[in-house]
Every structure is written in structure tokens, then in C-alpha cells.
Amino acid sequence: MSNNQQYDTKCLDHPYQDIISICSNCPNNTPVCIDCITDIHYGHNFKKLNDINFRNQIQQEFKDQTIPKLNNYLENNKKILDKSNNHFKQIQDNHTMNYDKIFKIFKELKNIIDAKENDITRLLLTKLNENTDVNEIITTTIERNNNIINNAIQYNNYFNNDVNHNNNNNNNGFIELLKHNHLCNNLLSNIKNNNLPDYKDTQLIIKENSLKSIKNLTNSYLELLDDVSLVKKELKTLKLYQKEFKIYEEGCDISHLNIAFLAIGPIECLPKTIPDLIPATVTHLYLQDGFNQLLDFIPPPVQYLYLHNIKYQLIPGSIPATVTHLFLLDGFNQSLNFIPPTVQYLYLENIKYQLTPHSIPTTVTHLHLQDDFDQPLDFIPPTVKYLALQNIKYQLTPDSIPETVLYLYLQDGFNQSLDFIPPTVQYLFLDNINYQLTPDSIPSTVTDLYLQDGFNQSLDFIPPTVQTLCLENIKCQLTPDSIPATVLQLKLLDGFDQPLNFIPRTLQRLYLQNIKYQLVPGSIPATVTHLTLLDGFNQPLTFILRTVKYLYLQNIKYQLTPGKIPNHLTLLKFSSGFSQRFAKGIIPGSITHIHMEDVVYPLEPDSISNPKQKIKYYPNYKHPKL
């Protein structure tokens, strides 16, 4: 502003009257004229415009408090406007999507519902126009407020640069500042009272049952709903098998979600585009109680399918061939002849359907009977090699399990005597079972025993026939006499977190996965000659004693550098996707035998420093040989 600026000193309520005073009773230092004093401010107290202390106070507050708040207000307005425009863009996109839906649907039904098509399109336009009006109101309101704010800020900048602004006679400049101050403080006072209108999100819901009955359904077939959340709605979740599933809701576009677990309930009708809506990341699909739709929408990435007591009658071909793991949950009550030959893993809860010897296809190799399962086990086909039992209700007897089962898993809560185990079972896996084990609990035919996470019983039940013992993060505290001397191989798996002083001095073969217990020299006994470090092992190799002659490395995480592998080894083997490069010096030249299996990177010319080293390549080594 120039020094000859014409100041705006007119009253806000009476534009033809000059401001002559300030009302002390009203908020935000309301400037008043003679008409104000005799009208709406009659009987109030007033401050004089030439009160220098009061003027300075208002000027200082305007500069130090009001202006910063106005800047924040502008920034907030920008956010609101951006959000408004983004929201409106969603509405426009949704409007376009609705038009596309209408075009596709009415193309099939044109001869029947032309009139309905016109009604719906007009309604969509009406809704769009309503939202357009809302957008214009929001935009106009914010632009008007921004204009008030910008004028105030511009005036403030001028006022601060005006050397004469403290002149007591410069009443006009102060009066205009007073107006700006009042208007802006009114704005700031109303920030919390957002009077902006709301958009009405319009979602087109298509309820399609049959084209044959469309004549009788035209009035209920299509529906426009206001205030329906668009595609970004936060979905509810549920837990199943310790996994968290997102629950699909009708009318929601979930294609943008990066999820692996999806549940679909008994909705009236799935949209035709549901195969495209399900994200490609979904591998686990759960169809809940009452689901009553064709299953032809299941996309190829889904490998794990969970079926509750669905109403849709399943037949051969209902389940896509890409499904390999099938879960039939409590209450499921249909014949199992729909199971495709690609399903190898079958999980049965307490289903109602009565199973017979031919109920399960012979392609199933892994069978899991979950909590409360209560049917005889004579339905198990001879192809099942892996059987897992939770806390089932059915009382097992020695002839309950077919002799074709080689691997038996007794999972958390199992609480029956183990005398039912057939002599063909060689591999026994025990979770935190409730049944108390004794020295004669395990049949002598078991050669490999796996004690898994949470197992919490003394190990004095292990028979001398067990040659391989695998321990996960069991709760039972191990002592030097916990493991019988007859064990030839010991595997300590992920999470194991106890000192290794329990290992018997007779043990020669030790396998270590990503155990938590920190290893130091002396952790393993000197009798160990064969050491295998399994996938994920991530500790320095300094604990390896000179008595270890054979070292087998799978895909360990610990990064090898020259000098890390002991040089006293006789044989060094890389296998199971070992994924580190063989830089010069990684393999000590003193090692006489090197075995190469399915490694990610090949041996380099300078990987071998000793030409006398003998290298054995297995058939799964896919790289050029040195």
C-alpha cells in the first residue's frame, strides 16, 4: 500500500457510516458506528479509537497472534480444498464407473429396461450435480475466506512498513486494521464450527439374480445409495488359524489392497467383476457360513481355501485346480466328492457330513483332523502318508490309523494314550500335548522324533530306537541326562534357546537352524564330527571345534568372508539354495573335499586356491563346472 492509501473506515453493518468507536462488550473488539451504538450495541461500553494503549495492544495481538493463526488457517484451507478436490475426483471416477456398469448391464437387458436405464442415469446426474454444487460451495467459501485473510495479511505487511502508523492522528489506518482484525478473528473463532456442506458419496449397487426374472426385478435391481463409502473403506477383520482375514463388504473395491487373507460372507450377490476385484496377492480365501454363490470367481493365486457351512451345493469342478490346501470347518455338511485332485492337504474340523472309506480322494497325502473331530478314522485312504491330530473327540484304538501313515503329528491339546500308533509310523511330531508321556508311550518303530514349540514334558520317555531327535523351542529345561546316548543325530531348530551342555558325548551329527542361544567355543561337544548349519543360521562360526571334520552349509544368513570357515575341515558341502557368492578366500585351501549342490551362485575361477582340492558336483548344481 502507498502512503496515500484510501483506508476503508466504513462500518461492517452500516456501509455508509464511519467507524467511530470499539465495543468493549462484544467479542473480537467489534468496530462500531453511530448507528451501531444506538441500535444493536445500545447500552454497551465503548473504547475510544484514540486510546493509544488499546490501539497498541490490538496492533500487537494482530501481528503476533492473529497473523500466525491466519497463516495456519490458509494452510488448513489448502488441505481442506485438496481433500475436497480429491474426494470430488473419486466421486467423478465412481460416477464414470457407475456409468460403465450401467452400460454393460443395460446392453444385455436393453429390450426390457430402457426406461429404467434413463431413470438411473438421470438420478446419477442429479447426484453428481448435487456434489458439484457442494464442491462449488466449498470452493467459493474457502476462496472468500482466503480473500479476507490475504487482504488482512497484505494490510498487515503495509501497516508494519508504514512509518506513520503509530501517529495518533492516523485513525483511518487503524480503523481499517480494526476491520481486518474483527473479520479475521471471526473466521478463527469459527474454525471448529465447520459449516461446509458434506458430499453425498453415491455408490451404484447391482443386485443381480437372473436375467430371466429381470422383468419383475427392475424396480429393485439397481439402487443408488448416498453416503456409501468409496473404495478406501477400512474393512473389518477376523482371525482364523492364527491368521487375520480382511472381510469383503458388498460395494467395496478391494483390488488396491495388498493382502494375503480374504474372507467373504453370505452376501446377496457377488459383482460380475469380483475376479478382478480380488487382489492378486490373496492366497488364502475363507467362505463363511451361509455363503451361497458359485465358486467360479476364485482367482488362480488362491491356494488355501476355507469353507464353513456354506449353502451353495458343491459339485466336481466347483473348486479350481489351483487350490492345494482345503479346510472344511465346523458344521460343513456336504459330500466331499467335489475335492479336485490337486488338493494334497486336507483339514477337517468337526464337520457334520458322515465320512466313509471313499469320501476322500486318493490324491490327498496330508490329512489334518482338528479340535473336536468326532468320527471313526476308517475313511482315511492309503495314500495319506502324513496325519496330524489335534484334540479330537473320537477315541483312538490300535487299528484306528492305517499302516500306510509314516508321519504322525500330535498337536497342541492332544490328550489320548499313544498306544494307537501303528508300527509303520517312523516319524513322530509332538506339540504341547496334554497327555503325560511315560517310557513306554512311544512305539519302538519310531526312529525320528520331533519335539516342537511349547512341548513341556521331561524327555525320559524317549525309547532307545529313536536315532534322530529334533528340538524346537521347547519349554522343558534340558539337562546332561535328558537325551539318551542312543540318539545319533540331533537337530536344534528355529528359536531353540537353551545351553547345549545337555548334548550327550556320544553324539556325532549335529544340525543347527536359526537358534537363539548364542554359541561360543565349547558349546558343542568334541564328539561332534559332522555339523550341518541349516537355513537361516546366523551366528559366527568361531564355536566350531577342531574335531568337526565335515561341515554342511545350507542357505545360512551369516555372511561369510575370508577366514570365517575353519581350515581344519576335511569336507565342506554347500546345498539347499546357499545364496552367497564364492569370493576368493571364502573356501580355505586346506579343505580336501568340496561338494556342490543347488547353490545360487557358481564357483568362480579364483574360488579354489588349491588345485588339489577335489570338487564333487551333484546333479542339481546348475552352473558351469571349473
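Structure summary
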{"read-out": "Cys36 being of a type in the set (A, V, I, L, M, F, W, C) and not in a helix (DSSP H, G or I)", "value": "no"}
{"read-out": "Unmet criterion (only one of (1) surrounded by fewer than 18 Cβ atoms within 10 Å (Cβ to Cβ); (2) among the β-branched types (Val, Ile, Thr); (3) over 20 Å from Glu349 (Cα atoms); (4) touching a strand residue (DSSP E or B) at 6+ places or on another chain (Cβ under 7 Å)) for Ile298", "value": "(1)"}
{"read-out": "Only one of Thr38, Thr30 that is surrounded by 15 or more Cβ atoms within 10 Å (Cβ to Cβ), of a type outside the set (A, V, I, L, M, F, W, C) and at pLDDT 90 or above", "value": "Thr30"}
{"read-out": "Residue tally, condition at pLDDT below 95 and surrounded by 17 or more Cβ atoms within 10 Å (Cβ to Cβ), over region 319-328", "value": "2"}
{"read-out": "Residue count, region 171-204 (criterion: surrounded by fewer than 16 Cβ atoms within 10 Å (Cβ to Cβ) and either modelled with pLDDT under 75 or of a type in the set (Gly, Ala, Ser) (or both))", "value": "5"}
{"read-out": "Test result for Gln334, surrounded by 15 or more Cβ atoms within 10 Å (Cβ to Cβ), in a loop (DSSP other than H, G, I, E, B) and either touching a residue at least 60 places away in the same chain (Cβ under 8 Å) or more than 26 Å from the chain's Cα centre (by Cα) (or both)", "value": "yes"}
{"read-out": "Residues within region 386-398 that are over 11 Å from Gln416 (Cα atoms) and either of a type in the set (Ser, Thr, Tyr) or in contact with a Phe, Trp or Tyr (Cβ under 6 Å, 6 or more places away or on another chain) (or both), tallied", "value": "3"}
{"read-out": "Members of region 331-345 that are farther than 10 Å from Ser359 by Cβ and touching a strand residue (DSSP E or B) at 6+ places or on another chain (Cβ under 7 Å)", "value": "Phe332, Val343, Gln344, Tyr345"}
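The values are calculated or read from the model by the stated rules, or taken from the named source; none is laboratory data. The structure displayed is predicted, hence computed values, not measured ones. Note that we place each Cβ from the backbone using ideal geometry, even for glycine, and neighbour counts take in every protein chain shown.
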